[in-house]
Amino acid sequence: MEEQAETKERLQRAPFETALHHAGYGCFQWLLLMSCGAVYAVCALSTTTLSFVLPAAECDFMLSSSDKGRLTATPLIGMCVGSYFWGNLADARGRKKAIIGALLLDAVAAFLSSLVQSFPAFLACRFFSGFGIIGATGLIFPYFGDFLSVRHRDVMLCRLEVFWTFGTILLPGIAWLIIQDPRFNLTAPGADFQYTSWRVFVAACGIPSLLVVLLLFPFPESPRYLLHANKPEQALQVLQRIFTVNSKLQEKDFPVESMICAGEEGEEEEVVSADNNGNETKTPLKWSKRWHAFWVRKKLLVTPPYIGLLVLCCFVDFGLMFSYYTLMMWFPDLFERFSQFSSLYQGVSAGVCEVSANVTRSEVDGLPECPQNIDDKVYIHTLIVALSCVPTALWVGLTINMVGKKLMLVMMLICSGLAALGLNLVRSSLENLLLSCVFEAIVSCTEAVMFCVVCEIFPTNVVATAMAITVMSGRVGAIVGNVVFGALVDQYCIVPIYIFGTLLISSGLLCMILPKSTRPERPQ
């Protein structure tokens, strides 16, 4: 009898991970994966929209390579500003609200950017698009991870990367259907207001951001966030809801009545009520206490061991996005340059840098006219590159627990760095396509593994902010990478290519010192 009473008491006062374990794993998590995956696919779509705007809008805005570098860097600046904003909003007001607000802002910015007629106004709109979409990109991992126990977290979070790949596959299809179709050129003859097909494409890329908001509405706020936000009754209701969906039983059958939550700054654990049966209840925090809690969270991030881990994660994501995002955005433009080179110098073999230099020299000499249409091969090659990511995304989701996050991160960063260096060796459009596929297939899943590491090594009450700072560092790297590549691609593109490879390889070597976890063992 005493043993049964002890078991009952232990369930009444269960830690959150134990309560989440009793809520079960099944239909609810898979439905949430579909919705969060759709959000992540939209993030990929919105983030890479400009990759087809670069060649398509070249004539309308009379873009030089430096202008293209500024254009791809501008939304990244918005991401840097927005990431910290959305991270703090998520820690203060909830993951779900922040994600929905970010998606709505991205949709509005996409529609406005399709309407504006000047290049500076277009840059401003793309700034706010980046400001918005980074909130959803950076928070969807912590939000989804809060519904997953330790046993399933890494695998399910890596499965999100498959949806990012779907987004990158969808983009060239949408671009080919809209940009190449003259029916989408809605500009009247002689009109000052231009609404060409590429503008329709930009607006169309904003529609999915609105649609996925509807997918998120049926799902609750993160139970882990609710518990740390002093809303234990709501947290328990969420776990009861997960339990009923997964087990098809009633809420009253859920074996946990209240949860144990660790207080701020590591003080003794305290019991927080999760029902109305006389258990203890925390009073809502006043603004002064909320402000104090805000600074407590920030103080935790700048104390050992978290400050060292945060700096390491920031450097790795900086190097990763410096290389990955830059090349991802410039691949369609590079494919278009290969197409122009082939038409100008038939039967001549050349590498990426030689092609860029010759095409630029020909444009300066006035040989080709401003291209009015993108070669169909550009869409096909971009689609092939996106499809090459599917096997890797599936492999990562299946093997991350066997290989381990740390070892996988090290291998992927070093291999992608070697592939980036190999771009100096290609001598044809086909070789460039094959190596681009290898690079994209490896590096596209690397940030997902990085996000899994961040979710694991930082405490719950600061993980969203840590994720936001890490993502912001990555976007700073992407800004620098795009500006540098845009400035050097015409004459000195070998320099950024060597930088890409060096940063990726050094980031992989630094990841060897990452800990397995800084958190105590949790029930599985």
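For segment 146-187, name all the residues that are assigned to a helix (DSSP H, G or I), of a type outside the set (Phe, Trp, Tyr) and open to solvent by 50 Å² or more (accessible area, probe 1.4 Å).
151, 159, 170, 177, 182, 183, listed by residue number.
Considering only residues of segment 330-357 that are open to solvent by 10 Å² or more (accessible area, probe 1.4 Å) and among the acidic types (Asp, Glu), which is nearest to residue 496 (Cα to Cα)?
Top of the filtered list is 354.
Could you list, in sequence order, the residues of segment 472-512 that are of a type in the set (A, V, I, L, M) and not in a helix (DSSP H, G or I)?
Correct list: 489 only.
For segment 318-403, which helices (runs of 4 or more DSSP H) that fit wholly inside it have 3 or more residues that are touching a His at 6+ places or on another chain (Cβ under 8 Å) and modelled with pLDDT of 75 or more?
Qualifying helices (runs of 4 or more DSSP H): none found.
Filter segment 93-121 down to residues that are open to solvent by 40 Å² or more (accessible area, probe 1.4 Å), under 21 Å from the mean Cα position of the chain (by Cα) and not charged (D, E, K, R), then give me how many there are.
Final tally of qualifying residues: 3.
Quick test of your reading of the structure: residue 230 fulfils all but one of (1) more than 25 Å from residue 45 (Cα to Cα); (2) part of a helix (DSSP H, G or I). Name the failing condition by number.
It fails just one condition, (2).
What's the number of the condition residue 470 fails, among (1) of a type outside the set (A, V, I, L, M, F, W, C); (2) within 21 Å of the chain's Cα centre (by Cα); (3) surrounded by fewer than 20 Cβ atoms within 10 Å (Cβ to Cβ)?
Looking at each condition in turn, residue 470 falls short on (3).
Which is in contact with a Phe, Trp or Tyr (Cβ under 6 Å, 6 or more places away or on another chain) and open to solvent by less than 10 Å² (accessible area, probe 1.4 Å), of 78, 69?
Within the list 78, 69, the selection yields 78.
Kindly indicate the residue of segment 478-511 that is of a type in the set (Gly, Ala, Ser) and over 21 Å from residue 352 (Cβ atoms) and also surrounded by the fewest Cβ atoms within 10 Å (Cβ to Cβ) among those meeting that condition.
Among those that are of a type in the set (Gly, Ala, Ser) and over 21 Å from residue 352 (Cβ atoms), it is 506.
Mind checking which pairs have a first residue in segment 475-487 that is farther than 9 Å from residue 326 by Cα and a second that is of a type in the set (Ser, Thr, Tyr), Cβ under 7 Å, 6 or more apart or different chains?
475/83; 486/65; 486/66; 487/66
Quick one: which helices (runs of 4 or more DSSP H) lie wholly within segment 1-68 and hold at least 1 residues that are over 30 Å from residue 336 (Cα atoms) and modelled with pLDDT under 85?
Output list reads 2-12, 16-23.
The values are calculated or read from the model by the stated rules, or taken from the named source; none is laboratory data. This one's a predicted model, so the numbers in the text were calculated from it and none came from an experiment. Counting neighbours? That spans all protein chains shown, and the Cβs are built from the backbone with ideal geometry, glycine included. To get the accessible areas, we keep the full protein, side chains included, count just its heavy atoms, and leave off ligands, DNA and RNA. Shrake-Rupley method; radii C 1.70, N 1.55, O 1.52, S 1.80 Å.
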